1. Would you be able to tell me the number of residues in region 41-60 that are under 29 Å from the mean Cα position of the chain (by Cα), modelled with pLDDT of 95 or more and of a type in the set (D, E, K, R)?
2. Scan region 101-114 and give yes if some residue there is assigned by TED's automatic domain parsing to the domain that holds Arg44 and either within 30 Å of Arg12 (Cα to Cα) or among the β-branched types (Val, Ile, Thr) (or both), otherwise no.
3. Under the condition of being without any contact (Cβ under 8 Å) to a residue 24 or more places away in the chain and within 8 Å of the chain's Cα centre (by Cα), which residue from region 117-134 is surrounded by the most Cβ atoms within 10 Å (Cβ to Cβ)?
4. Output the qualifying pairs, or none if there are none: Cβ atoms under 6 angstrom, residues six or more apart or on different chains, first residue in region 1-22 and in the same structural domain as Glu64 (by TED's automatic domain parsing) and surrounded by 13 or more Cβ atoms within 10 Å (Cβ to Cβ), second residue assigned to a helix (DSSP H, G or I) and at pLDDT below 95.
5. What tally of residues in region 77-116 results from selecting those that are of a type outside the set (Ser, Thr, Tyr), surrounded by 10 or more Cβ atoms within 10 Å (Cβ to Cβ) and not in a helix (DSSP H, G or I)?
Amino acid sequence: GDDAQKSKFYSRMVNSFHSKRVYDLATSSGGKILCGGTYDPKDRYISPTIIDNPSKNSSIMKEEIFGPVLPVVAFKEFNEVLEHLQESEKPLAMYYFGNVRNNPHKEILENEVQSGMMCVNDVMVQAINPDLPFGGVGYSGQGAYCGKDGFINFSNAKAVLVKPILPLDAPNKLILPPYSAGEQKQLRFLLKLGLFQSHVQKFWLVMICVII
């Protein structure tokens, strides 16, 4: 509706400190308030606010807002966007709206710009998907958690390796030096097959023990 403060669906800031903090960010931005800007400290209410062209060095462009205030900065060239992102701290999340297929801008943002998360043509849904890790990078956070990734990151994995019972020297004939000319030839052959790649290592180690 016209008055968000009267809507039962529009929430308030969590406390007086943060309502004042967000209001100060908006009013000290150096930009033009296009809409909103209303602040009621007793109600901890800040209206939905859009700020046009805030100062690059203002606090609102450097801090996480966590409030209903959206700074808008216009760019003429995509390279300007990249320069701005590279000069700024790495964000918790990056959002892009545009075509999905054959879009070089989307590909560059996805593959070459660091951020904790990225979402295309929507907002926040990546944070509630249990199959995706949630977390920032740099000043926006450390590590990733949520769902499977949370279980892995907050668990202490213990490595356990069990070898079959064989004569003590049997597994070492081919694995440990000194190497005869024949053993070197066998090792080079196994390396070409990808012996030490993780997805085939277990199979070939078992085969070596069996052959020996």
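1. Count: 1.
2. yes
3. Applying the filter and picking the extreme gives Phe134.
4. These pairs meet every condition: Tyr10/Ala4.
5. 13
The values are calculated or read from the model by the stated rules, or taken from the named source; none is laboratory data. Predicted, not measured: the structure shown is a model, and the values here were computed from it. Ideal geometry is used to build each Cβ from the backbone, glycine not excepted, and the neighbour counts take in all protein chains shown.
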